[in-house]
Amino acid sequence: MDYSALKTEIIDYSREIGIDKIGFASAAPFAELKNRLLRQQELSYESGFEEKDINKRVDPALIFDRPRSIIAIALAYPSKMKGSLKGKKGERRGIFCRASWGEDYHTILRDRLNKLEAFILSKVPEARFRSMVDTGELVDRAVAERAGIGWSGKNCSIITPEFGSYVYLGEMITNLPFEPDTPVENQCGTCTKCIDACPTGALVQGGQLNSKRCIAFLTQTKDFMPVEFREKLGNRLYGCDTCQTVCPKNKGIDFHFHEEMEPDAEAVKPLLQPLLRMSNKEFKQRFGQMSGSWRGKKPIQRNAIIALAHFKEEESLPSLIEVLQEDVRPVLRGTAAWAISKIGGEPAREALIQARDKEIDTEVIQEIEKGIRSLK
């Protein structure tokens with residue numbers, strides 16, 4: 001088998017099926033990465049969403065029998081929205097990050113990887129694969145970096161020369177011995193704009209992220225959001241784009257190659273107040289196709305409550321008081337108590353006092369009492 005010729009055929013075919021960049025890497029263990037991951041674990045900087053076994057994250061041979069190479073792919077997604085909506089008093093809106101615009105990227109990339117697998121099988125029937133997108137054991141960015149897709153930026157994103165960091169990543173371990181590509185030279189230089197702009201200081205230093213402080217992670221949690229982060233959230237409902245939008249390598253970058261990635265403005269910048277009363281069925285119908293819906297409606301609703309406090313939206317007080325008085329979920333009741341106190345005023349104080357007399361959850365009572373004290 002002429003694997004050099006096959007590699008060229010795969011590259012040509014990848015363009016036909018809408019893969020914007022493809023690279024090939026060795027399947028050797030990621031030895032240097034292991035040390036970094038162990039350090040992250042020691043510092044408790046992990047999010048908890050990662051594969052627990054670090055050895056599996058750095059050694060393809062532990063998850064695939066006799067790997068010979070890895071194929072990495074990248075698809076560019078839009079950074080600007082056509083016909084964007086603007087909120088106003090009484091109609092405040094939240095925002096989903098760019099990586100959650102359009103159809104769930106896991107579905108899109110799996111489609112491309114499935115087509116790539118079928119093409120290779122048509123050429124090499126004995127070929128074997130293990131494809132993954134985001135939720136696999138391997139670290140997508142490490143594979144993409146080794147395969148020459150881009151360099152690992154100080155913002156902990158892969159930055160491509162062509163598309164900036166606005167790319168989705170996927171990879172495929174194979175038993176075929178493709179010649180590896182050359183990694184891209186790191187071009188961040190002395191720039192620290194992403195580190196300086198991070199709202200919560202989650203970027204500890206270039207290339208090191210404390211995931212537990214990252215807004216992208218915090219928006220996906222289901223418990224009470226720590227108070228120190230609530231006022232940093234702004235109107236974000238899911239994810240955070242700050243470290244990408246300030247990156248000089250992303251200046252002027254905006255590609256609209258894939259129709260399924262185009263955002264529905266009403267879905268990615270939804271009105272906040274209606275979110276508070278949305279049923280599970282309505283949530284799935286409205287947001288179910290987006291990657292930002294994977295944790296369900298509870299985190300989105302909690303974040304919407306925090307966003308209303310960010311806007312000091314007095315018109316939302318009746319909705320927030322309704323959540324405080326009637327929602328069965330303590331996290332939403334307690335977060336509503338905090339938001340009500342931030343909006344302030346005598347109606348807010350009266351609502352908190354009334355709720356305190358009926359509340360039975362300890363954490364919610366604490367939120368209510370802190371709110372009452374702040375309004376004295």
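Nothing charged except the Cβ atoms of Lys and Arg (+1) and of Asp and Glu (-1): what's the magnitude of the dipole of region 85-161 about its Cα centre? Round to the nearest 20 debye.
I would put it at about 540 debye.
What is the spin-label model distance, in nm, from Val328 to Glu260 if the labels are put 7 Å beyond Cα along the C-beta direction?
Roughly 3.5 nm, to one decimal.
As I understand it, the value is the acute angle between the Cα axis of helix 362-374 and the longest principal axis of the Cα atoms of the chain; what does it come to in degrees, rounded to 10?
60 degrees
Over the chain, with a Gaussian network built from C-alpha contacts below 10 Å, which listed residue (Leu176, Leu203, Leu109) shows the highest mean-square fluctuation?
Leu176
What GluC sites (Glu not before Pro) does region 105-173 have in DSSP loop regions with at most 16 other beta carbons within 10 Å?
Within region 105-173, the qualifying GluC sites (Glu not before Pro) (loop, at most 16 other Cβ atoms within 10 Å) are Glu126, Glu162.
Counting other beta carbons within 10 Å of each residue's own, what order do Leu116, Leu38 fall into, fewest first?
The order, fewest Cβ neighbours first, is Leu38, Leu116.
Looking at this model, which pairs from Lys7/Lys56; Lys88/Lys312; Lys88/Lys284 are more than 20 angstrom apart at the alpha-carbon?
Too far apart for the 20 Å limit: Lys7/Lys56; Lys88/Lys284.
So, by mean Cβ neighbours within 10 angstrom, what's the order for 308-320, 51-63, 4-16, 334-346 with the highest one leading?
The most tightly packed comes first, giving 334-346, 308-320, 51-63, 4-16.
Over region 279-376, calculate the relative contact order: mean separation of alpha carbon pairs under 8 Å at least 6 apart, over the residue count, as a percent.
In percent, rounded to a whole number, it is 23.
Set the Förster radius R0 to 22 Å, insert the Cβ-Cβ distance between Lys52 and Trp294 as r into 1/(1 + (r/R0)^6), and round the FRET efficiency to 0.05.
0.70
If I measure Cβ to Cβ between cysteines in the chain, which ones have no partner under 4.7 Å?
Singleton cysteines: Cys97, Cys156, Cys188, Cys191, Cys198, Cys214, Cys240, Cys247.
What span do the alpha-carbon atoms of the chain cover on each of the three principal axes, reported in whole Å from largest to smallest?
78, 43, 38
May I ask you to compute the full-extension gain from Val204 to Lys222, defined as 0.36 nm times their residue separation minus their alpha-carbon distance, rounded to one decimal in nm?
4.1 nm
Just add up the charged neighbours of Pro60: K/R +1, D/E -1, any other residue whose Cβ is under 14 Å from the Cβ of Pro60.
+1
Between Ala5 and Ala127, what length in nm is gained on full extension when 0.36 nm per residue of separation is reduced by their alpha carbon distance?
42.4 nm
Whole-Hz ³J(HN,Hα) for each residue in region 167-173, computed from phi via Karplus 6.51 cos²θ - 1.76 cosθ + 1.60 with θ = phi - 60°, x for glycine and proline: what do you get?
Computed from phi, the couplings for region 167-173 are 9, 8, 10, x, 8, 9, 7 Hz.
Return the FRET efficiency for the residue pair Asn186, Arg277: r is the Cβ-Cβ distance, R0 is 56 Å, and the value is rounded to the nearest 0.05.
Computed FRET efficiency for Asn186 and Arg277 comes out at 0.70.
Pulled fully out, how much extra length does the chain show between Asp12 and Glu179, if you take 0.36 nm times their separation in residues and subtract their Cα-Cα distance?
Using 0.36 nm per residue and subtracting the Cα-Cα distance, I get 58.5 nm.
Less than 13 Å Cβ to Cβ from Glu346, Lys/Arg counted +1 and Asp/Glu -1: what total charge do the surrounding residues give?
0
Find how many whole Å separate the alpha carbon centroid of region 335-351 from the alpha carbon centroid of region 31-75.
Cα centroid to Cα centroid, the span is 45 Å.
Using a Förster distance of 41 angstrom, determine the FRET efficiency expected from the C-beta separation of Ile360 and Glu231, and round it to 0.05.
About 0.90, to the nearest 0.05.
So what's the angle, to the nearest 10 degrees on a 0 to 90 scale, between helix 297-310 and the longest Cα principal axis of the chain?
60 degrees
Which value in nm describes the separation of the simple spin-label points at Leu85 and Ser44, placed 7 Å from the Cα toward the beta carbon?
4.0 nm
Over 24 Å between Cα atoms: which of Lys212/Lys249; Lys212/Lys298; Lys115/Lys249; Lys82/Lys193; Lys251/Lys297; Lys89/Lys232 fall into that group?
Pairs exceeding the cut-off: Lys212/Lys249; Lys115/Lys249; Lys82/Lys193; Lys251/Lys297.
Kindly state, as a whole number, the per residue volume in cubic angstrom of the convex hull around the alpha carbon atoms of region 1-146.
Spread over its residues, the Cα hull of region 1-146 gives 143 Å³ apiece.
Tabulate in residue order the Karplus-calculated ³J(HN,Hα) for region 322-333, using 6.51 cos²θ - 1.76 cosθ + 1.60 with θ = phi - 60°, rounded to whole Hz; enter x for Gly and Pro.
Per residue, the Karplus-derived 3J(HN,Hα) values read 4, 4, 4, 8, 10, 5, 7, 9, x, 4, 6, 5 Hz.
Computed from the coordinates by the stated procedures, all read-outs in this text should not be read as laboratory data. Model, not experiment: these values are computed from the prediction. Heads up, the Cβs are rebuilt from the backbone with ideal geometry, glycines too, and the neighbour counts pull from every protein chain shown.
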